[in-house]
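Below is one structure, written out as structure tokens, with a few remarks after it.
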Ligand SMILES: [Mg+2]
Ligand SMILES: [Zn+2]
């Protein structure tokens, strides 16, 4: 099937916000005030992500071990991955999160082979530096531009389903053929009239995919 399913990571594929899990354990004293500035909208999301992790001195190995021990995959994701593999549906992660923590959780679940569009990380003596690899000149707010990944699949002639939970998912959701939304993204889709389904876990997504096309009512 000529379909790509693109999934946000924190609070979507992962039950928890893994960035916050790590910053709560390894972040420096600045993290909470940066988080407040981010919530107040006084710093760009990109600067928030970048500066929080610059305050971290832990090693890659110790942080990955912490993720493996404390993070959870949302139910149904492994089943969805297996189904997509069988149907030749492209399933990928699109996130503002850092590569090492996304990999740690996926690898623990035997899903390290999934394509993941992440932010690159460099562990230096000055903390963890971010490497934004999927950027676009007119979309600088968030660092990586999630919509550029949607566009990448669309130009391959694929239909794109997008799965997410938050404000940073709104831009890619606007460009997707169908959105699976929960939490804040659900409210935003309702407000903007974006074609969407509410989901709790990935079993809901799988159930929808197994419906005949005609029953889906996707424009
Ligand atoms: Mg999220
Ligand atoms: Zn963008």
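The values are calculated or read from the model by the stated rules, or taken from the named source; none is laboratory data. This one's a predicted model, so the numbers in the text were calculated from it and none came from an experiment. Glycine also receives a Cβ, built like all others from the backbone with ideal geometry; neighbour counts cover every protein chain displayed.
Assorted remarks:
- Subset of the stretch 110-126 (residues that are in contact with a strand residue (DSSP E or B) (Cβ under 8 Å, 6 or more places away or on another chain) and surrounded by fewer than 16 Cβ atoms within 10 Å (Cβ to Cβ)): 115, 120, 122
- Candidates 149, 160, 205: the one that is within 16 Å of ligand 2 (Cβ to nearest atom) and within 16 Å of residue 9 (Cα to Cα) is 149.
- Test: residue 117 is at pLDDT 95 or above and over 18 Å from the mean Cα position of the chain (by Cα): no
- Residue among 91, 105 that alone is buried (at least 21 other Cβ atoms within 10 Å of the Cβ), farther than 17 Å from residue 163 by Cα, modelled with pLDDT of 95 or more and in contact with a strand residue (DSSP E or B) (Cβ under 8 Å, 6 or more places away or on another chain): 105
- Applying the set (1) more than 16 Å from the chain's Cα centre (by Cα); (2) at positive phi; (3) surrounded by 20 or more Cβ atoms within 10 Å (Cβ to Cβ) to residue 178 leaves exactly one unmet item: (2).
- The set of residues in the stretch 162-175 being surrounded by 22 or more Cβ atoms within 10 Å (Cβ to Cβ) and away from ligand 1 (no atom under 16 Å from the Cβ) is empty.
- Looking at the stretch 1-115, the helices (runs of 4 or more DSSP H) lying wholly inside it that each contain 3 or more residues that are within 23 Å of residue 148 (Cβ to Cβ) and touching a residue at least 40 places away in the same chain (Cβ under 8 Å) sit at 45-54, 99-108.
- Check on residue 184, within 16 Å of ligand 2 (Cβ to nearest atom), at pLDDT 95 or above and surrounded by fewer than 18 Cβ atoms within 10 Å (Cβ to Cβ): no
- Residue in the stretch 22-33 that is within 15 Å of ligand 1 (Cβ to nearest atom), modelled with pLDDT of 95 or more, closer than 30 Å to residue 203 by Cα and touching a strand residue (DSSP E or B) at 6+ places or on another chain (Cβ under 6 Å) present: no
- Checking residue 46 against (1) surrounded by fewer than 18 Cβ atoms within 10 Å (Cβ to Cβ); (2) out of contact with any helix residue (DSSP H, G or I) (no Cβ under 6 Å at 6 or more places or on another chain), the condition it does not meet: (1)
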